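Taking it in order: structure first as structure tokens, then the write-up.
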Amino acid sequence: NCSRQACLNKQDYELHLLLQNIVSLLNPQIEQKQLTVKCSAPSITIAVDSWQFEQVLQNLLDNAIHFSPVGGTITVDWQVSNGSVWITVSDQGPGLKGIDPSELFTPFYSRRSEGSGLGLAIAKKIILDHQGSIKAETLPQGGAQFSIFLPR
């Protein structure tokens, strides 16, 4: 399935609303680790398949929750530039030191003992189907950041 082009049902959606849906879904895990999910980005509308794009946000936030320290902050941000949108999800966890970032998106690769290794591979497939790209990096201050680029 990863090699086939998806049939997308793209419509305009408010990015804050999509994020709010996922944060509500993951709220038990967020509360259990006493995390703060912060987003101060301005309201924007993007054309995406909402079900699939929510899956991307869920996978990224689920990983951020898992790797965040108790009481940490997860930051979701975005900006529009030249007809494109950059969306970032950052945490305060251990980051990606010693890991080839391209391996993270390989099916069945996982640093989580209970992980299937499919979350980031699925996220990448969905982003590619939306004509976008996704990358991962370790932040200078520590923690991981996943960045999504989407044409708008």
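Pairs linking a residue in the stretch 34-46 that is more than 21 Å from residue 62 (Cβ to Cβ) to a residue that is loosely packed, with under 12 Cβ neighbours inside 10 Å and polar (S, T, N, Q), with Cβ atoms under 8 Å and 6 or more positions apart or on different chains, do not occur. None of 17, 57 is open to solvent by less than 50 Å² (accessible area, probe 1.4 Å) and without any contact (Cβ under 8 Å) to a residue 40 or more places away in the chain except 57. So, in the stretch 99-117, of the ones that are assigned to a loop (DSSP other than H, G, I, E, B) and modelled with pLDDT of 80 or more, which residue ends up least open to solvent (accessible area, probe 1.4 Å)? If we take residues in the stretch 99-117 being assigned to a loop (DSSP other than H, G, I, E, B) and modelled with pLDDT of 80 or more, then 99 is least open to solvent (accessible area, probe 1.4 Å). Count of the stretch 63-77 residues, restricted to those that are surrounded by fewer than 19 Cβ atoms within 10 Å (Cβ to Cβ), outside any helix (DSSP H, G or I) and out of contact with any Cys (no Cβ under 9 Å at 6 or more places or on another chain), is 5.
Pick from 135, 124: which is part of a strand (DSSP E or B), open to solvent by 70 Å² or more (accessible area, probe 1.4 Å) and in contact with a helix residue (DSSP H, G or I) (Cβ under 9 Å, 6 or more places away or on another chain)? On inspection, the qualifying residue turns out to be 135.
Within the stretch 20-39, the set of residues being open to solvent by 90 Å² or more (accessible area, probe 1.4 Å) and either within 21 Å of residue 122 (Cβ to Cβ) or under 16 Å from the mean Cα position of the chain (by Cα) (or both) comprises 20, 25, 38. Can you spot a residue in the stretch 78-85 that is crowded, with 17+ Cβ neighbours inside 10 Å and either in contact with a strand residue (DSSP E or B) (Cβ under 8 Å, 6 or more places away or on another chain) or more than 16 Å from residue 144 (Cα to Cα) (or both)? There is at least one residue in the stretch 78-85 that is crowded, with 17+ Cβ neighbours inside 10 Å and either in contact with a strand residue (DSSP E or B) (Cβ under 8 Å, 6 or more places away or on another chain) or more than 16 Å from residue 144 (Cα to Cα) (or both). Please go through the stretch 33-62 and give me each residue that is among the small types (Gly, Ala, Ser), farther than 24 Å from residue 92 by Cβ and not in a helix (DSSP H, G or I), ordered by number. Within the stretch 33-62, 43, 47 meet the criteria.
Regarding the stretch 63-72, can at least one residue be identified that is aliphatic (A, V, I, L, M), at pLDDT below 95 and touching a strand residue (DSSP E or B) at 6+ places or on another chain (Cβ under 8 Å)? No; the residues of the stretch 63-72 include none that is aliphatic (A, V, I, L, M), at pLDDT below 95 and touching a strand residue (DSSP E or B) at 6+ places or on another chain (Cβ under 8 Å). Figure legend. Inter-residue proximity from the stretch 134-152: first residues under 16 Å from residue 85 (Cα atoms), second residues of a type in the set (Lys, Arg), beta-carbon distance below 6 Å, spacing 6+ or different chains. Indicated pairs: 134/124; 147/135.
For residue 17, the conditions (1) under 20 Å from residue 120 (Cα atoms); (2) part of a helix (DSSP H, G or I) all hold with the exception of (1).
The values are calculated or read from the model by the stated rules, or taken from the named source; none is laboratory data. Quick caveat, the model's predicted, so the values are computed rather than measured. For neighbour counting, all protein chains shown are included, and Cβ atoms are generated from backbone atoms with ideal geometry for every residue, glycine included. Please note that ligands, DNA and RNA were not included when accessible areas were found on the heavy atoms of the full protein model with its side chains. Shrake-Rupley method; radii C 1.70, N 1.55, O 1.52, S 1.80 Å.
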